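Novice: Please read through the structure below; I'll follow up with questions.
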Amino acid sequence: MPVDGLREELVTLLPRLRRFARALARDPHDADDLVQTAVERALAHAGQLRADAPLAGWMFGILRHAWIDEQRARGRRGRVLAAGVAAEEVADAAHGAPLDSIAVQDAVARLPEEQRLAVALVLVEGLSYKEAAHIMAVPIGTLTSRLARARDALQAMLGEPDGAGG
Amino acid sequence: MTFSDENLSAYADGELDEATRAALEAAMAADPVLARRVARHRALRARVQDAFAPVLTEPVPERLLAAARGPGSAERADNVIAFQARPRPRWSWPQWGAMAACLIAGLLLGPLLLRPSAAPTPLATSGGRVLASGVLARALSQQLSSAQPVSAPVEIGVSFRARDGGYCRTFVLRETQSLAGLACRAGTAWQVVTLAQSTTPGAAGGGYRQAASALPPAVARTLDDLIAGEPLDAASEAAAREHGWNP
C-alpha cells in the first residue's frame, strides 16, 4: 500500500502497538523501543502489506519478531532484570496507580515467551484464536494449550483478586 | 462429559465450538464447582485486560509519532488535513469509488497531483482514495457558502447531509482549470468522491456565480444520488462547521 496511507494508519494504531509491546516487554521504555523498531521495519517493507490484510495483525507480527530478536540479543548479553522499574512503579502506586495492574503485569512478564505472546494477543489485544495462531505461526491447538497453561500459571501467581471471590 | 482446562479457557475466550459450548453450559448449570472454574477464567481475562488498558490512553511519545509520520511530517500536517486512512464501512461506497476512479483516471487529476511540489496541491492521494488538501481542504472545512470571499480560490456550492448522515459539500476550484467536484467528510478529512471539468467556461468571466449552476452533470448526478432531503441552509451549515462536520 502507499507509504503515506500506511503512515497515517500507523499513527492511529500506535496506542494499541504500545499496549501490546508493554505486555511483552514489561518495561515501558523497552516496550516503546520495540514499537519504534516495528514501525521503522513496517515502513521499510510497506510493499509487503497486502491491501486487504488487516494492518494490526501485520504489525503485531512485526513487533513479535522485533521482540524475539531483542530477547536473543539480551540473552547473549546476560539477562537484565528490571528490578528498578518495579520499585518505581510501586512508588507510583502509592499515588494512586492501581496495585493490581502492577501485580498482573509482573505476572505476565514472568510467563515463558510463547505463553506471554499468547496472552498478549488474546487476552490483552482481544484477537481471535485464529488471528493469534496465524501471527505466532502455530496451529490453533498449540495456541489453545499455551493459553490454558498461561492461565494456570497466572492464577497460581495471582490468586483470587480482592473482592472477586464467590 | 468431562471438560479439559483448555475447554474452559476457550469458553472464557468465546472460542468454543457450538456443540461443546452448549454441553458445557448445561454441565455448568448442574455443577457449581465447574461454574466456578469458568468464572475464574473469565475474571482472569478481565483482570489482564484491565491491567494493560490504561496504556491506550497514555500520551504517545513524540519519538513514536515522528517515526510513524516520517521526515517533514510537520510540513505535511500543514498542507494535508489529517485523515483516517482506511475508510470506515459507512464511507466505502463502491459505486462512488468506481465513479471517482473513472473520472480521475482521465486528464483531470494528473496536472493537479503532479504539479511542481513548491505549490501545495488541492488534492492528495492516500490509500487509494483522493483527499482534499491545501486550499481545498481548508475551504471545505471553513468556508461557508453564504459568506464567500470573491477572491477565494475555492467556491463552495451546496452543503448537505448524505443518506448515511455524513456531511458532503460541492465545490469549484476556481484557479486554472475550473474543476468542480463533490467531497464528503471522512473522519477528519474530506474524501473527494467526484471530480469533473466545469462545463461552463466559467472562471474566465471572473464574475460570481451560483456554484450549483456551474456543476458538471457528473457532479450533479452524484449530488442527487447522495443527498437526503434538502441542502443545508445558512444556519445549519454554520452549525455543522461549528461541530467539525461530525454527523
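Since every read-out is calculated from the coordinates, none of them should be taken as a lab result. All figures in this text were calculated on a predicted structure; none of them were measured in a lab. Glycine also receives a Cβ, built like all others from the backbone with ideal geometry; neighbour counts cover every protein chain displayed.
Novice: With 10 angstrom as the radius, rank B:D50, A:D106 by how many other C-beta atoms surround their C-beta, starting from the fewest.
Specialist: Going from least to most buried by this count: B:D50, A:D106.
Novice: Further question: Within a 10 angstrom radius of the beta carbon, how do A:H65, A:H134, B:H41 rank from fewest other beta carbons to most?
Specialist: With the sparsest Cβ surroundings first, the list reads A:H65, A:H134, B:H41.
Novice: If you add up the charges near B:I156, with Lys and Arg at +1 and Asp and Glu at -1, over every other residue whose beta carbon is less than 12 angstrom from its beta carbon, what do you get?
Specialist: The answer is +2.
Novice: Moving on. Report the dimensions of segment B:5-55 along its three principal axes from the alpha-carbon atoms, largest first, rounded to Å.
Specialist: Result for segment B:5-55: principal-axis Cα extents of 39, 22, 14 Å.
Novice: Residue separation times 0.36 nm, minus the C-alpha to C-alpha distance between A:A156 and A:E113: what's the value?
Specialist: In short, 13.7 nm is gained.
Novice: For A:A133, what is the net charge nearby, where nearby means another residue's Cβ is under 13 Å from its Cβ and Lys, Arg count +1, Asp, Glu -1?
Specialist: Residues close to A:A133 contribute a combined charge of -1.
Novice: Please give the FRET efficiency for A:D52 paired with B:V150, using the beta carbon to beta carbon distance and R0 = 35 Å, rounded to the nearest 0.05.
Specialist: 0.15
Novice: Also, quick follow-up: In nm, to one decimal, how far is the modelled label at A:A137 from the one at B:E230, with both set 7 Å along Cα→Cβ?
Specialist: Taking the simple label geometry, A:A137 and B:E230 are separated by 6.3 nm.
Novice: One quarter of the convex hull surface, Cα atoms only: what value does that give for segment A:1-80 in nm²?
Specialist: Mean orientational projected area (segment A:1-80, Cα hull): 5.1 nm².
Novice: Under 5 Å between amide H atoms, partner at least 5 residues away or on a different chain: which partners does B:A189 have, H built in plane at 1.01 Å?
Specialist: B:Q84
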